[in-house]
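Notes to accompany the following structure.
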Amino acid sequence: METEKRFRCGKTIDASVQKQILLEKQRWHEILERLIATVQFLSSHNLPFRGHRDNLEEENSGNFIDLIKLCARFDPVLRQHLQRFEEKRIHNHYLGKNIQNELISLMAKLVKQKVIEKILQAKYYSIIIDCTRDVSHVEQMTVVLRHVDEKSGDVEEHFIGFLPVDKMTAEELTKTILLEIEESGLDIKNCRGQGYDNGANMRGEKSGVKTRILNINPLAFFTPCGCHSWNLVLGDAAASCAKAKLFFGVLQRLYTLFSGSSNRWAILKEKVNITLKPLSETRWECRVESVKAVRYQLKEIAECLEEMAQKNADPAFCSECNSLKEEILSYEFVLSLIVWYEILVKINLISKVWQKSCMQLDTAVKHLEAFLCWLKEYRQNGHSNSAIATAREIAEEMDIPREFRQFRIRRTKRMFDYECPDEAVVNPVDRFRAEYFNVIADKIHASAEPRFEGLKSYVSNFGFLYDISSLCMKSKKDLLQNCKELEALLTLPNSSDSDIRGLELYEELRMCMRTVPPKLDMSGSLKYLIDNNLTDVYPNIYVALRVILTIPVTVASAERSFSKLKLIKTYLRSTMSQERLSALAVLSIERDLASKLNYSSVIDEFTTAKCRRMF
């Protein structure tokens with residue numbers, strides 16, 4: 001009876017021992033919470049963890065241990081923990097490299113699990129892939145998944161990790177992508193979009209990655225990166241004529257001249273606010289930044305060239321300075337600056353908007369059509385009105401003669417039966433328009449049409465859903481036909497399974513188009529259904545909008561992950577393992593999800609990983 005009474009009161013003979021065990025468990029729990037918080041802080045700021053040594057007695061023991069020592073000066077839990085280790089009362093301080101790697105891997109694993117859970121709830125997703133070479137010359141493939149949040153209707157893009165690639169063939173890349181999707185617990189049949197750059201191994205029509213995945217899942221619609229396409233369009237325009245090549249060659253010569261010496265760069269910085277930028281084939285904003293620096297600081301750059309020519313005794317350098325000065329102070333160069341800057345600014349603004357993770361197809365198509373419409377109007381009358389007027393103001397301010405260079409008109413050999421010789425363009429303004437301005441404008445328009453053909457193709461398939469409220473103006477026959485075509489598009493070949501039902505979608509649209517507020521885009525229409533609990537009332541509209549919003553427009557999120565890669569894996573950390581690199585990148589890029597991790601779940605995973613005992 002006495003024993004039964006003590007059991008009920010919890011005052012058995014081992015009660016004091018059990019109390020000590022609980023206190024020890026609580027103490028280790030508090031220590032691990034602080035270690036996890038330190039890991040989260042260092043990973044979110046892309047800082048190195050380790051130093052030359054892992055010993056607590058060493059001065060240069062790394063950021064991780066030094067942060068623990070700093071916190072121990074004010075935190076009694078960590079202070080007591082370090083004292084116990086120094087007094088040899090415990091043998092493991094849990095601050096070494098192996099524990100760091102375990103915590104990093106566990107936290108990244110939990111973050112990745114959260115992302116996968118959200119995608120599984122959303123069902124439909126898209127894959128965004130890009131590759132780059134890191135500091136240790138390993139080809140890294142970044143994997144980003146895009147989906148529509150089921151609860152809020154927001155479009156989200158999440159980073160999954162970096163994967164090493166040995167061969168850049170389409171077959172090897174496809175195997176790596178499919179293996180990662182399978183290991184993540186996702187079904188490739190639910191993929192509704194692919195986003196890659198314009199490389200031949202990625203978008204090849206016969207054996208590219210796009211085609212190989214389409215053979216597995218024909219509903220994984222491919223969209224080439226819009227920003228890469230804009231960059232290629234500008235590259236084609238810059239190489240469309242000799243004068244355009246010469247113009248960008250002068251800009252590159254200016255940068256090369258000033259960047260060749262610290263003294264020259266100092267002279268430049270004294271007089272300008274925006275430094276010169278080099279040209280690059282891969283950077284999306286390189287051309288507009290290069291033109292902008294000269295466009296608004298032409299007078300200051302000319303003064304710098306004159307000053308350097310006077311101070312330097314090298315004849316070759318003086319000749320180069322004077323040559324560049326005469327080149328940039330010509331009326332033709334000034335007019336080229338104005339024309340290129342106005343075109344590049346428009347394209348750069350569109351490119352920046354497209355880089356948002358929430359960018360959707362209907363908005364991208366509107367931007368594209370607006371630019372092509374502006375370019376057409378600018379070609380017809382914008383050159384003679386705005387560009388020449390601005391160039392004249394700059395020329396008058398800097399005393400630049402408003403004259404074009406005169407060249408001898410080339411005579412071509414005529415056959416005996418040729419009717420009459422071609423009329424040569426004598427007016428230099430008309431010649432500039434015909435041989436330069438019209439050429440680059442026509443090249444941009446001609447290059448943009450095929451490169452954005454895939455983006456425009458979605459209009460014929462999904463365009464009637466871009467603005468649901470405007471369907472009142474559409475005939476019933478056409479609307480029914482569009483719904484049936486969309487059902488056929490979202491149906492797997494040789495299968496009756498479809499994401500939607502065309503007839504049901506038709507009936508739902510006839511009801512919904514009168515209730516949805518006017519002028520809502522696809523994202524707004526989807527959020528309207530979610531906020532008003534209408535997803536079960538209009539299930540086919542709900543699914544169709546989610547599928548369209550899942551299709552990516554650019555691979556900007558993948559490109560942004562490369563910036564983190566360069567910050568994490570530097571030449572001082574070039575021997576980092578692939579698992580640690582990928583885990584740190586996940587914690588850094590997905591820092592919002594990492595900051596919401598439940599420390600108790602991380603500790604539970606940590607203690608069960610190797611059957612550790614929480615004393």
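The values are calculated or read from the model by the stated rules, or taken from the named source; none is laboratory data. All values derive from a computational prediction rather than experimental measurement. Neighbour counts run over all protein chains shown; Cβ positions are idealised from the backbone, glycine included. Just so you know, the surface numbers come from the protein's heavy atoms only, side chains and all, with ligands and any DNA or RNA stripped out. Shrake-Rupley method; radii C 1.70, N 1.55, O 1.52, S 1.80 Å.
Take the conditions (1) in contact with a Pro (Cβ under 6 Å, 6 or more places away or on another chain); (2) within 27 Å of Ser601 (Cβ to Cβ); Ile128 misses just one of them, which is (2).
Restricted to helices (runs of 4 or more DSSP H) entirely inside the stretch 324-398, those with at least 1 residues that are open to solvent by less than 60 Å² (accessible area, probe 1.4 Å) and within 30 Å of Gly193 (Cβ to Cβ) are 331-354, 361-377.
Among Phe371, Phe404, which is the only one that is of a type in the set (A, V, I, L, M, F, W, C) and modelled with pLDDT of 90 or more?
Details: Phe404 fails: modelled with pLDDT of 90 or more.
Sole residue among the options that is of a type in the set (A, V, I, L, M, F, W, C) and modelled with pLDDT of 90 or more: Phe371.
Residues considered: Phe41, Phe74. Of these, the only one that is open to solvent by 30 Å² or more (accessible area, probe 1.4 Å), modelled with pLDDT of 85 or more and outside any helix (DSSP H, G or I) is Phe74. All conditions in (1) of a type outside the set (A, V, I, L, M, F, W, C); (2) touching an Asp or Glu at 6+ places or on another chain (Cβ under 7 Å); (3) under 21 Å from Arg501 (Cα atoms) hold for Ser557, with the sole exception of (3). If you check Gly51 against the conditions, is it more than 25 Å from Asp592 (Cα to Cα), modelled with pLDDT under 90, touching a Ser or Thr at 6+ places or on another chain (Cβ under 8 Å) and open to solvent by less than 30 Å² (accessible area, probe 1.4 Å)? Yes. Condition check for Ala434 on (1) at pLDDT 85 or above; (2) among the small types (Gly, Ala, Ser); (3) exposed (fewer than 15 other Cβ atoms within 10 Å of the Cβ): one failure, at (1). A residue that is assigned to a helix (DSSP H, G or I), open to solvent by less than 40 Å² (accessible area, probe 1.4 Å), within 29 Å of Glu332 (Cβ to Cβ) and of a type in the set (Lys, Arg) occurs somewhere in the stretch 274-287. When Arg27 is tested against (1) within 28 Å of Arg573 (Cβ to Cβ); (2) surrounded by 13 or more Cβ atoms within 10 Å (Cβ to Cβ), exactly one condition is not met: (1). Has the stretch 101-115 got any residue that is open to solvent by less than 30 Å² (accessible area, probe 1.4 Å) and under 30 Å from Asp499 (Cα atoms)? Checked against the condition, which is being open to solvent by less than 30 Å² (accessible area, probe 1.4 Å) and under 30 Å from Asp499 (Cα atoms), the stretch 101-115 yields at least one hit.
Taking every residue in the stretch 207-218 that is over 17 Å from Ile551 (Cα atoms) and pairing it with any residue that is at pLDDT 90 or above and β-branched (Val, Ile, Thr), at least 6 positions away or on another chain, the pairs with Cβ-Cβ distances below 7 Å are Arg212/Thr174; Ile216/Ile188. So is Gly524 open to solvent by less than 30 Å² (accessible area, probe 1.4 Å), over 28 Å from the mean Cα position of the chain (by Cα) and not hydrophobic (A, V, I, L, M, F, W, C) or not? Here the answer is no, as Gly524 does not meet what is asked. For the stretch 81-98, a tally of residues being open to solvent by 40 Å² or more (accessible area, probe 1.4 Å), in contact with a Lys or Arg (Cβ under 9 Å, 6 or more places away or on another chain), farther than 20 Å from Asn46 by Cα and in contact (Cβ under 8 Å) with a residue 40 or more places away in the chain returns 0.
Tally time: how many residues in the stretch 427-455 are under 27 Å from the mean Cα position of the chain (by Cα) and either within 30 Å of Ile338 (Cβ to Cβ) or of a type in the set (Phe, Trp, Tyr) (or both)? Full working, then the answer.
Residues of the stretch 427-455 that are under 27 Å from the mean Cα position of the chain (by Cα), as a first pass: 443-455.
Then keep just the ones that are either within 30 Å of Ile338 (Cβ to Cβ) or of a type in the set (Phe, Trp, Tyr) (or both); that gives 443-452, 455.
Number of matching residues: 11.
Restricting the stretch 124-142 to residues that are aliphatic (A, V, I, L, M) and open to solvent by less than 10 Å² (accessible area, probe 1.4 Å) leaves a set whose member that is farthest from Leu534 (Cα to Cα) is Met141.
For Glu2, indicate whether it is open to solvent by less than 80 Å² (accessible area, probe 1.4 Å), more than 24 Å from Ile603 (Cα to Cα) and without any contact (Cβ under 8 Å) to a residue 12 or more places away in the chain. Break it down into steps so the answer makes sense when it comes.
On the way: open to solvent by less than 80 Å² (accessible area, probe 1.4 Å): no; more than 24 Å from Ile603 (Cα to Cα): yes; without any contact (Cβ under 8 Å) to a residue 12 or more places away in the chain: yes.
When the stated conditions are applied, Glu2 does not pass them.
Restricting Glu24, Glu4, Glu33 to residues that are part of a helix (DSSP H, G or I) and in contact with a helix residue (DSSP H, G or I) (Cβ under 9 Å, 6 or more places away or on another chain) narrows the list to Glu33. May I ask you to verify whether Asn461 is open to solvent by 50 Å² or more (accessible area, probe 1.4 Å) and free of Cβ contacts under 8 Å to residues at least 12 places away in the same chain? Against the criterion (open to solvent by 50 Å² or more (accessible area, probe 1.4 Å) and free of Cβ contacts under 8 Å to residues at least 12 places away in the same chain), Asn461 does not qualify.
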